[in-house]
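Structure first, then comments.
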Amino acid sequence: MSDEHRLFMVVGIPGSGKSTLVKKLALLDEGSIGISCSALLKTIRENAGCDSWAKFDELSASERKHFIRAVTDELRDCKMLHRTIYADAHMLVQNRITHQLEVALNDADAAIMDGLIFLDTSPQTVFKNITDDNRNGIRQRPLDSLDSLRDHRNLELRAAQTFCERHGLPLIIISNEDNMYSVEEVLDRLARRGQLDAATIDSLSTQIDRHICAIGAEAGPALVLDGDRTLSESDAFRMLDKALGLRDVNRHAFESFGYNLQSLKAVRDNWKRVSVGDYLDTIRSVADDIRLREEWVKLLSGLPTAVPVFLVTSGIPQLWQRILTNHGFDNVRVIGGTHPYLDKELIAPECKCRIVKRLRELGYWVIASGDSPIDAPMLNESDLAIVTPDGKGSAPLIKELDRSGGWFYLSVEGYRDRPNALTFEAITSLVVGMINLDKYPSIRRVSCSEIVSSYLRSKIHGSYREHLVSEHKRIGALFMRYMSKSSVDLSPSKTAVIGVERSGRYLAEGAVDFGNNPLLSAYPVPVSAQTEVHQNGKLLPYGQTFVVPHLDTDSNRIFIFDSVIHSGVTIQNVIDALPIQKRFEIHVFCTEINEAAMEKVRTLGPRVVFHCIRISSRQFRPSHNNDMGARLFRTTS
């Protein structure tokens, strides 16, 4: 018999949804079929003259085994004709006469099987499924109490685990709760024959691509988050250890080997000491006691549904999926795991980094957050690194961070006054603003991590003029570095720089001369706040002092810098003041464009190319100062 021909039994208690799973597997897996063992047994017994299940239950054990062997022979023959068979079966069946549970699978079945799939469904869901089926006349089945259903499920699960261990067969347990499985992932696990090993780049990429496709996301912002002590202050892993009576045995594995693949494999083996039923039941009770940090709840609640959010854990994905579902975040994709029968892959620290890298390869701008050194590779690879401080401030993680764009604290209790603490409102506003920018394809989104980090720092330090100036100069220089990677010729003799007073002037000064970069210091036209310049005999028509340098006759490109474009009138005035006898290539650089200015921005195209970090939709702004930058950053000098 060729290894290409496979047979997988799909088991679980009546009402768990096995029939639906078998149909989906057979439909998606090309060259496979689904078979109902109950229907097959019914045909065989009727052909033998046993015309009811009641008569079948009255048969002796040896007579019933004769019929069951006939089912096994039929499955063996079918297996030779088809590449894969998914058989809807049971580990245990209830005798209608004695009401005792009897083992349905035997050694002969094990000899032709390639693995066992157990569909684990909560007693509450099973109760509802049977009730609905009975009411709708789909089928009539006895309805047990929730306690009886729970006992039946635990017995069936224990029998499946024992059967597979005795015969050396792969056991794959699928949780039918909390959006924890897709049919594609079941097939992935079958292809690996249930072996739980390190995640590969290809498998991680596949999971990411599927989730993005499922939610209909387009390239834009994405979030990759750690679980324990990041999304929640609780250490869910240790809580589960304690609840299962393992007395920190898994923590000792990490202390002995470090946080690496070896320790994860040790944890994988430790879980075998616990009954799978107890493991799943304890996960549900522990998860229901865990609350997410208020800041993350508000942040995730404020995100558009099309923003991909991934929780990457080396711990317990079923637990985190239930926690997220309890908080209303079903759309967050959980990747990871350590259980030998329930999980697909071990997620080592480098896997977190690979997930961020894959998202960036797909064009996403990635925000990552964690609390410990194992999250450092992920944060270092991200576009925006956010440390969610643990009880000790996450000092070991901070030592590992090596980022030119810097990193930020999430503004949580005890860290709100830190000079680099970002509020959830600032992060949400940034993400939503980036997405809004995608509505306007004529505007080029600037997503360089260093530029965005400087932009965020300027908002944090907005009350302090020296920080405002230094960060805006840095942003101006980074804008030029960003342009240097494009096809635009940055030859100083061809380009003139205009800075809109005041914050725009700081951006322009940074573009003209920042640090020791020869490219950036080559711009010949400094911007001066003390000089009003006439252009072709015409004083620029501003209510404030704006500065336009004398344009060299060879200049054919204009870079205009403004911090925030609120109405678009100022930019229009600058462009109107340019010499009309010459056609310039005009680029406008800014951190934000208010939605109120978009009509004006449209009228300026295609003559003008706008470069922007985000679209702002804020309607209420301080009005104590007419200068837009001052109003944005609450500065008066």
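Miscellaneous remarks
- Selection count, the stretch 129-173, where residues are open to solvent by 30 Å² or more (accessible area, probe 1.4 Å), closer than 23 Å to His99 by Cα and β-branched (Val, Ile, Thr): 2
- Taken over the stretch 48-65, the criterion of being open to solvent by 80 Å² or more (accessible area, probe 1.4 Å) and under 52 Å from the mean Cα position of the chain (by Cα) is satisfied by Lys65 alone.
- The set of residues from the stretch 196-205 being open to solvent by less than 20 Å² (accessible area, probe 1.4 Å), more than 20 Å from Leu379 (Cβ to Cβ) and in a loop (DSSP other than H, G, I, E, B) comprises just one member, Leu196.
- Yes/no for Ile208 being at pLDDT below 90, buried (at least 20 other Cβ atoms within 10 Å of the Cβ), in contact with a Phe, Trp or Tyr (Cβ under 8 Å, 6 or more places away or on another chain) and assigned to a strand (DSSP E or B): no
- Some residue of the stretch 607-616 being in a loop (DSSP other than H, G, I, E, B) and modelled with pLDDT under 90: yes
- Residue within the stretch 235-244 that is closer than 29 Å to Ser372 by Cα, part of a strand (DSSP E or B) and in contact with a strand residue (DSSP E or B) (Cβ under 7 Å, 6 or more places away or on another chain) present: no
- Flag if Val569 is modelled with pLDDT of 85 or more, under 26 Å from Lys473 (Cβ atoms) and open to solvent by 10 Å² or more (accessible area, probe 1.4 Å): yes
- Residue within the stretch 171-186 that is farther than 30 Å from Val387 by Cβ and more than 31 Å from the chain's Cα centre (by Cα) present: no
- For Ala395, the criteria (1) open to solvent by 20 Å² or more (accessible area, probe 1.4 Å); (2) among the small types (Gly, Ala, Ser); (3) touching an Asp or Glu at 6+ places or on another chain (Cβ under 9 Å) hold in every case but one, which is (3).
- Reported count of residues in the stretch 258-277, each being touching a residue at least 60 places away in the same chain (Cβ under 8 Å) and either within 14 Å of Thr325 (Cβ to Cβ) or over 25 Å from the mean Cα position of the chain (by Cα) (or both), is 6.
- Test: residue in the stretch 364-372 that is in a loop (DSSP other than H, G, I, E, B), within 29 Å of Ser453 (Cα to Cα), in contact with a strand residue (DSSP E or B) (Cβ under 7 Å, 6 or more places away or on another chain) and open to solvent by 10 Å² or more (accessible area, probe 1.4 Å): yes
- Each residue in the stretch 336-362 was checked for being surrounded by fewer than 24 Cβ atoms within 10 Å (Cβ to Cβ) and modelled with pLDDT of 90 or more, and 7 of them qualify.
- Scan of the stretch 2-42 for residues that are in a loop (DSSP other than H, G, I, E, B), of a type outside the set (S, T, N, Q), more than 21 Å from Ser182 (Cβ to Cβ) and open to solvent by 40 Å² or more (accessible area, probe 1.4 Å), ordered by number: Asp3, Glu4, His5, Pro14
- Of the set (1) surrounded by 13 or more Cβ atoms within 10 Å (Cβ to Cβ); (2) modelled with pLDDT of 65 or more, all apply to Lys582 but (1).
- Lone qualifier among Ile117, Ile97 - being open to solvent by less than 40 Å² (accessible area, probe 1.4 Å) and in contact (Cβ under 8 Å) with a residue 24 or more places away in the chain: Ile117
- Hits in the stretch 230-285 (condition: aromatic (Phe, Trp, Tyr) and either open to solvent by 50 Å² or more (accessible area, probe 1.4 Å) or under 19 Å from Tyr341 (Cβ atoms) (or both)): Phe237, Phe257, Tyr259, Trp271, Tyr279
- Every residue from the stretch 135-193 that is closer than 18 Å to Glu345 by Cβ and of a type in the set (Gly, Ala, Ser): Ser175, Ser182, Ala191
- Meeting the requirement of 3 or more residues that are aliphatic (A, V, I, L, M), the strands (runs of 3 or more DSSP E) wholly within the stretch 90-174 are 115-120.
- Picking from residues in the stretch 427-451 that are surrounded by fewer than 16 Cβ atoms within 10 Å (Cβ to Cβ) and touching a residue at least 24 places away in the same chain (Cβ under 8 Å), the one that is nearest to the chain's Cα centre (by Cα) is Asp438.
- When residues in the stretch 472-496 are screened for being modelled with pLDDT of 80 or more and open to solvent by less than 30 Å² (accessible area, probe 1.4 Å), 8 of them pass.
- Unmet requirement for Phe127, which otherwise passes all of (1) in contact (Cβ under 8 Å) with a residue 60 or more places away in the chain; (2) under 30 Å from Glu30 (Cβ atoms): (2)
- Among the residues making up the stretch 583-601, a single one is in contact with a strand residue (DSSP E or B) (Cβ under 8 Å, 6 or more places away or on another chain), acidic (Asp, Glu) and not in a strand (DSSP E or B): Glu595.
- Phe620 being in contact with a strand residue (DSSP E or B) (Cβ under 7 Å, 6 or more places away or on another chain), surrounded by fewer than 22 Cβ atoms within 10 Å (Cβ to Cβ) and modelled with pLDDT under 90: no
The values are calculated or read from the model by the stated rules, or taken from the named source; none is laboratory data. Everything numeric here is computed off the predicted structure, so don't read it as measured data. Methodologically, a virtual Cβ is constructed for each residue, glycine included, from the backbone with ideal geometry; neighbour enumeration extends over all protein chains shown. Only protein heavy atoms, including side chains, enter the accessible area calculation; ligands, DNA and RNA are left aside. Shrake-Rupley method; radii C 1.70, N 1.55, O 1.52, S 1.80 Å.
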